[in-house]
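Chemist: This is the structure, below, for whatever I ask next.
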Amino acid sequence: MLDDLRDLYQEVILDHGRNPRNLRRPAEANRHARGHNPMCGDSLVVHLTLDPGGIIRDVAFEGKGCAISVASASLMTEVLKGKTRDQATALFRRFHELCTSDEEDDGSSDEAGAVDPDDLDRLRVLSGVRAFPMRVKCATLAWHTMAAAMNGEEEVSTE
Amino acid sequence: MNDAITSARTRPAAGDNSARAFDVERIRADFPILRQRVHGQPLVYLDSAASAQKPRPVIEAMDRVYESAYANVHRGVHYMSQVATDAFEAGREKVARFLNAASSDEIVFTRNATEAFNLMASSFTRAFLKPGDEVLISALEHHANIVPWQLAREQFGIVLKVAPIDDDGNFLLDEFEARLGARTRLVSLTHVSNALGTIVPVAEVVRRAHARDIPVLVDGCQATPHMAVDVRALDVDFYVFTGHKVYGPTGVGVLYGRRELLAEMPPYQGGGEMIASVSYEKTTFKAPPHRFEAGTPPIAEVVGLGAAIDYVSDIGLEHIAAHEAGLRAYAEERLSAVPGLHIVGRARDKAGIISFVMDNAHPHDIGTIIDRAGVAVRTGHHCAEPLMHRLGLTATARASLGLYNTRGDIDALARALHAVAEIFG
Ligand SMILES: Cc1ncc(COP(=O)(O)O)c(C=O)c1O
């Protein structure tokens, strides 16, 4: 296989794509949004359980899609649990950059401690999409949807 | 039809047989883009149903317009305008002969097939439908033959009905006939499905619709590149196709309409070119086809489309059809040997389109992986979301054939798909 394909379809991604974590609908979830990728017709729903202090107590998703979008959703649910809204927003921003730009930012504009470097490292398996601009939307769909759910929107499209 | 033209279209070469008459390597040499490499691999272009590549005669015909025969058409008394108008109207004649229309006045140029459907949903609806009247489409339609009717439904209160298919993608004639009712004013359906390749038995559809005096509009976008189409033999009332899928340029589409029906229809858009006289109180419109061609038309594109029609007609659509049928059979055999691969659309009668899914790989992942081997296929819903839902899918991968494809292309596709099966296991 070619190098950039091997970077994209790493074992971790194939594993999360095949066996997504937190693929469920928690009864206590209080924010929901559906994200739609018009290019392939795939959509997924993100369920957030936000406590009154603005902390994400639980995050799960439902839906089907390509290996990249499912793996990204699965990984997202793993890193977001216990984060505040601001931390989630900061992590999304850094993740987006990691998917689109060769020069990752150093986080100097983040508030101190907003982004845990270990979380960013876990998400770095998806940085292979950089070489596949048509697939960036697949990698970011779950995150856009999560952001919409936090903001109380119910629908979001990657276009 | 003029005898000289008929014989030019169907003239068999001396000692003709399609294997010898159809020299795919010579054809490939006419398509400069096929020499491109993609990700370091030779381009294997299997996406002609989305848009076909262009042969040199088309590219050169358009260059010639801009280099030596260009001005606005139907407007000037000067020499260049006359030359451009003649070239443009010659394009209309070629399209008329290509479809075997009774007259070139029955050929309306649009921007693409989509605009032709929007024209019909507007002008035909206003001329012939009252609120509550029905348009019957099929479950195989491209969005271009769905959404314009939905807009007309909102605006004019018409009703949209859908004739079903079976799980293999076969069009069901009797089910279709059962949906022709007292209020059906138009049947609008595809000749060949862009997503599954199903060939709809259009002549029989027309026979059953005409038995009830219902006119028929056919979407020929996926038929015209692959088979000879004769609108008078099919007895259709309207026929639509798009230039870029028959090896012509983008920016030009065609609506064929029976003269007496077009004559009854009001304009679609207003502006220059389509009027007989204008005053602030009252404007009168030209006769068809010009009534439906407001504004400066796609001049070089119509000339390019004429060159594309010459190109495929010289090769012979029956030879193209035979070549593609052989390739499709080979492709279905090779693809069926890929572990976990399922062909979607098993209609009895199919054109050169092979839609498929794989057990563990999403179409998007398939498309990305085989692209790295230089193989271009379309992935997604193919602008036919209701059809995908009918089949219980959101997307497929689709390999579509053109006259320049070879067994080598199919082998490259099969090799790349075996690699996908390995990755996703
Ligand atoms: C069956 C069918 N109808 C209509 C269209 C629309 O063609 P265009 O995009 O050129 O208007 C297409 C192509 O996308 C098609 O395959």
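Just so you know, all these numbers are worked out from the coordinates, no wet-lab data involved. Since we're looking at a predicted model, the values are computed, not measured. With ideal geometry, Cβ positions are generated from the backbone for all residues, glycine too; neighbour counts draw on all protein chains shown.
Chemist: Which of rounded, prolate or oblate describes the range B:186-335 when judged by the alpha-carbon gyration tensor and an a/c cut-off of 1.5? If you can, show how the numbers build up before the last one.
Modeler: Values: a/c = 2.85, a/b = 1.60, b/c = 1.78.
It comes out oblate by the Cα gyration axes.
Chemist: Take the Cα atoms of the range B:207-287, find their three principal axes, and give me the spread along each one in whole Å, biggest first.
Modeler: If we take the Cα atoms of the range B:207-287, the spans are 47, 38, 14 Å.
Chemist: Also, I was wondering about something else. Scan around B:SER188 for amide H atoms under 5 Å from its own, H built in the peptide plane at 1.01 Å from N, and keep only partners 5 or more places away or cross-chain.
Modeler: B:LEU136, B:ILE137, B:LEU217
Chemist: How about the range B:231-321: which trypsin sites (Lys or Arg not before Pro) there lie in a loop by DSSP and see at most 12 other Cβ atoms within 10 Å? Mind showing how you got there, number by number?
Modeler: Details: sites: B:ARG232, B:LYS245, B:ARG258, B:ARG259, B:LYS282, B:LYS286, B:ARG291; in loops: B:ARG258, B:LYS282, B:LYS286.
Those that pass, being in a loop and sparsely packed, are B:LYS282.
Chemist: Among B:ILE354, B:ILE369, B:ILE275, B:ILE146, which comes first, second and so on when ranked by fewest other beta-carbon atoms within 10 Å?
Modeler: Starting with the residue having the fewest Cβ neighbours, the order is B:ILE275, B:ILE146, B:ILE369, B:ILE354.
Chemist: Roughly speaking, what is the stretch gain from A:GLU153 to A:ARG57, that is 0.36 nm per residue apart minus the C-alpha to C-alpha distance, in nm to one decimal? It would help to have the intermediate numbers written out before the result.
Modeler: Numbers: separation 96, 0.36 × 96 = 34.56 nm, distance 1.90 nm.
Full extension of this stretch gives 32.7 nm more.
Chemist: Still on this model: How about A:LYS64: which aspartates and glutamates have a C-alpha closer than 14 Å to its C-alpha, ignoring those fewer than 8 places off in the same chain?
Modeler: In chain and number order, the partners are A:ASP42, B:ASP359, B:ASP365.
Chemist: Something else: Please list the non-local residues whose amide H lies under 5 Å from the amide H of B:ILE275, H modeled 1.01 Å from N, same-chain partners needing a gap of 5 or more.
Modeler: The answer is B:LYS286.
Chemist: Does the range A:22-63 come out rounded, prolate or oblate, given a ≥ b ≥ c as the square roots of the eigenvalues of its C-alpha gyration tensor, rounded meaning a/c under 1.5 and, failing that, prolate meaning a/b above b/c?
Modeler: Numbers: a/c = 3.48, a/b = 2.21, b/c = 1.58.
Judged from the Cα gyration tensor, the range A:22-63 comes out prolate (a/c at least 1.5, a/b above b/c).
Chemist: I'd like the projected area of the range B:68-313, averaged over all directions, using the convex hull of its alpha carbons. Report it in nm² with one decimal. Kindly include the intermediate steps, with their values, before the conclusion.
Modeler: Working: hull surface 54.3 nm².
Its Cα hull, projected and averaged over all orientations, spans 13.6 nm².
Chemist: Per residue of the range A:52-65, what does 6.51 cos²θ - 1.76 cosθ + 1.60 with θ = phi - 60° give for ³J(HN,Hα)? Whole Hz please, x for Gly and Pro, Karplus curve as stated.
Modeler: So the J values, rounded to whole Hz, are x, x, x, 9, 7, 7, 8, 8, 8, 8, 9, x, 10, x.
Chemist: Further question: What FRET efficiency comes out for A:ASN30 versus A:LYS64 if R0 is 22 angstrom and r is the Cβ-Cβ distance? Round to the nearest 0.05. Intermediate results must be reported in sequence, preceding the final value.
Modeler: On the way: r = 24 Å, r/R0 = 1.10.
After rounding, the FRET efficiency stands at 0.35.
Chemist: When the C-alpha atoms of the range B:73-134 are aligned to their principal axes, what extent does each axis show, in angstrom, from largest down?
Modeler: If we take the Cα atoms of the range B:73-134, the spans are 52, 26, 18 Å.
Chemist: Which GluC sites (Glu not before Pro) from the range A:1-100 combine a DSSP loop assignment with at most 14 other Cβ atoms within 10 Å? Mind showing how you got there, number by number?
Modeler: On the way: sites: A:GLU11, A:GLU28, A:GLU62, A:GLU78, A:GLU97; in loops: A:GLU28.
Here the sparse-neighbourhood loop sites are A:GLU28.
Chemist: Spelling out what I want: for every residue of the range A:128-141, take phi, set θ = phi - 60°, compute 6.51 cos²θ - 1.76 cosθ + 1.60 (Karplus), and round to whole Hz; glycine and proline get x.
Modeler: The phi angles translate into x, 5, 3, 7, 10, x, 5, 9, 4, 5, 5, 6, 9, 4 Hz.
Chemist: Test of understanding: in a Gaussian network model of chain B with alpha carbons linked when under 10 Å, which of B:ASP213, B:ASP371, B:ASP230 would top the mean-square fluctuation ranking?
Modeler: Maximum fluctuation in the GNM of chain B, among the listed residues, is at B:ASP213.
Chemist: Using only the alpha carbons of chain B, what is the convex hull's orientation-averaged projected area in square nanometres?
Modeler: On the way: hull surface 88.3 nm².
About 22.1 nm², averaged over all directions.
Chemist: What translational D, rounded to a whole number of µm²/s, comes out for the protein assembly as shown from Stokes-Einstein when the hydrodynamic radius is the Kirkwood one over Cα pairs, at 20 °C and 1.002 mPa s? Before the final figure, lay out the partial values.
Modeler: Numbers: Rh = 26.3 Å.
The Stokes-Einstein estimate is 81 µm²/s.
Chemist: Still on this structure: When a/c reaches 1.5 or more, the comparison of a/b and b/c decides; with that in mind, is the range A:2-157 rounded, prolate or oblate per its Cα gyration tensor? Mind showing how you got there, number by number?
Modeler: Values: a/c = 1.68, a/b = 1.17, b/c = 1.43.
Oblate shape, in that a/c is at least 1.5 and b/c is the bigger or equal ratio.
Chemist: Here's something else I'd like to know. Please give the calculated 222 nm ellipticity per residue for the protein assembly as shown, where each DSSP H segment of at least 4 residues contributes -39500 (n - 2.57) and the sum is spread over every residue; nearest 500 deg cm²/dmol?
Modeler: Values: 23 runs with 234 residues, N = 584.
My calculation for the protein assembly as shown gives -12000 deg cm²/dmol from helical runs alone.
Chemist: For B:GLU422 and B:VAL83 in one chain, what is 0.36 nm times their gap in residues minus the Cα-Cα distance, to one decimal in nm?
Modeler: On the way: separation 339, 0.36 × 339 = 122.04 nm, distance 5.90 nm.
Extra length from B:GLU422 to B:VAL83 when fully extended: 116.1 nm.
Chemist: Further question on the same structure: Among the trypsin sites (Lys or Arg not before Pro) in the range B:58-146, which ones are in a DSSP loop with at most 15 other Cβ atoms within 10 Å of the Cβ? Mind listing them? Please list the in-between numbers first.
Modeler: Values: sites: B:ARG64, B:ARG75, B:ARG92, B:LYS94, B:ARG97, B:ARG111, B:ARG126; in loops: B:ARG75, B:ARG111.
Counting only loop positions with at most 15 other Cβ atoms within 10 Å, the trypsin sites (Lys or Arg not before Pro) in the range B:58-146 are B:ARG75.
Chemist: How high is the FRET efficiency between A:ASP121 and B:TYR330 when r is their beta carbon distance and R₀ equals 41 Å, given to the nearest 0.05? Intermediate values should be presented prior to the final figure.
Modeler: Working: r = 48 Å, r/R0 = 1.17.
Calculated transfer efficiency: 0.30.
Chemist: At 0.36 nm per residue, minus the direct Cα-Cα distance, what do B:HIS74 and B:GLU264 gain on full extension? Give it in nm, one decimal, please. Before the final figure, lay out each step's value.
Modeler: Working: separation 190, 0.36 × 190 = 68.40 nm, distance 2.35 nm.
Contour length minus the Cα-Cα distance gives 66.1 nm.
Chemist: Compute a Gaussian network model of chain B, connecting alpha carbons closer than 10 Å, and tell me which residue from B:GLU273, B:GLU204, B:GLU89 fluctuates the most.
Modeler: B:GLU204
Chemist: Which entries in B:LYS94/B:LYS161; B:LYS161/B:LYS282; B:LYS245/B:LYS350 show an alpha-carbon gap greater than 26 Å? Present the calculation step by step, with values, prior to reporting the outcome.
Modeler: Values: B:LYS94/B:LYS161 35 Å; B:LYS161/B:LYS282 38 Å; B:LYS245/B:LYS350 17 Å.
Over 26 Å apart, Cα to Cα: B:LYS94/B:LYS161; B:LYS161/B:LYS282.
Chemist: Arrange the following residues from fewest to most other Cβ atoms within 10 Å of their Cβ: B:MET80, A:MET39.
Modeler: With the sparsest Cβ surroundings first, the list reads B:MET80, A:MET39.
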